[in-house]
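Here's the structure we're looking at; comments come further down.
The values are calculated or read from the model by the stated rules, or taken from the named source; none is laboratory data. Not measured: the values here are computed from a predicted model. We place every Cβ from the backbone using ideal geometry, glycine too, and count neighbours over all the protein chains shown. Protein only, heavy atoms only, side chains kept; ligands, DNA and RNA dropped before computing areas. Shrake-Rupley method; radii C 1.70, N 1.55, O 1.52, S 1.80 Å.
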Amino acid sequence: FPSHDMGVLDKKQSEMSLNRPVFKLKTCVSVDNLDWSYLSTNPYAFDFLMANADHIDWPRFSSNPSDQVIDYLTLHPERINIGWLCLNKNPRCIKLIEQRIHLLSDSDWQMLCSKPYAIELLKAHPEKIDRYCSSYLSKNPGIFHEVDGKMVLRDWIPLNRLDVNHLCSNPKAE
């Protein structure tokens, strides 16, 4: 697994599944010795995880950014852990989050403040942007939009909820 390979899986170049490489467990590794929590977050391990579903760390699985995982969670919403889903980097998860907005905790809103894909949700719920969100929101490139060729802060962003130190590290800040 790119950046997730713990030396336990073989990539079979000749085998492809939906244009994705197929990974198989090396014969010298026991399924019982795998770190299933870590593996459950691996975007390249979906097929392997589904074949070993009894080992999946279901809360962490919600943070897996694979499109296949988002599709699976859409079909099996009982498997969603909203806190872990808010950590997910896949923009497609926003629909699942919006459907469970009533379950979001303060820390979930903080995580969402860092996600560019959550900007419209944050705009709809500015009361959820509290002082604890400032560092997350300030680093979110989605707080800016282009106007006349310049990056401008969105007008609904509460200025008292921004952290100047983190704002300076925002990749869209000019």
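Descriptive notes on the structure:
- Directionally averaged projected area (the range 96-174, Cα convex hull): 5.1 nm².
- Selected from Glu98, Glu120, Glu146 as most flexible by GNM, with the chain as the system and alpha-carbon contacts under 10 Å: Glu146
- Within straight-line reach of Lys139, meaning a Cα separation under 29 Å, sit the following lysines at least 8 residues removed in sequence or on another chain: Lys89, Lys95, Lys115, Lys123, Lys128, Lys150, Lys172.
- Our Cα-only numbers for the range 80-140 put the radius of gyration and Dmax at 10.2, 28 Å.
- Net charge of Cβ neighbours under 13 Å - reference Phe61; Lys, Arg +1; Asp, Glu -1: -2
- Cys residues of the chain counted as unpaired, since no other Cys beta-carbon is under 4.7 Å: Cys28, Cys86, Cys93, Cys168
- Ranked from largest to smallest solvent-accessible area, with a 1.4 Å probe on the protein heavy atoms, Arg154, Arg100 come out as Arg154, Arg100.
- MRE, 222 nm, helices only [DSSP H, n ≥ 4, -39500 (n - 2.57), over the chain, to nearest 500]: -7000 deg cm²/dmol
- Reported to the nearest whole Å, the Cα centre-to-centre distance from the range 103-174 to the range 78-100 is 18.
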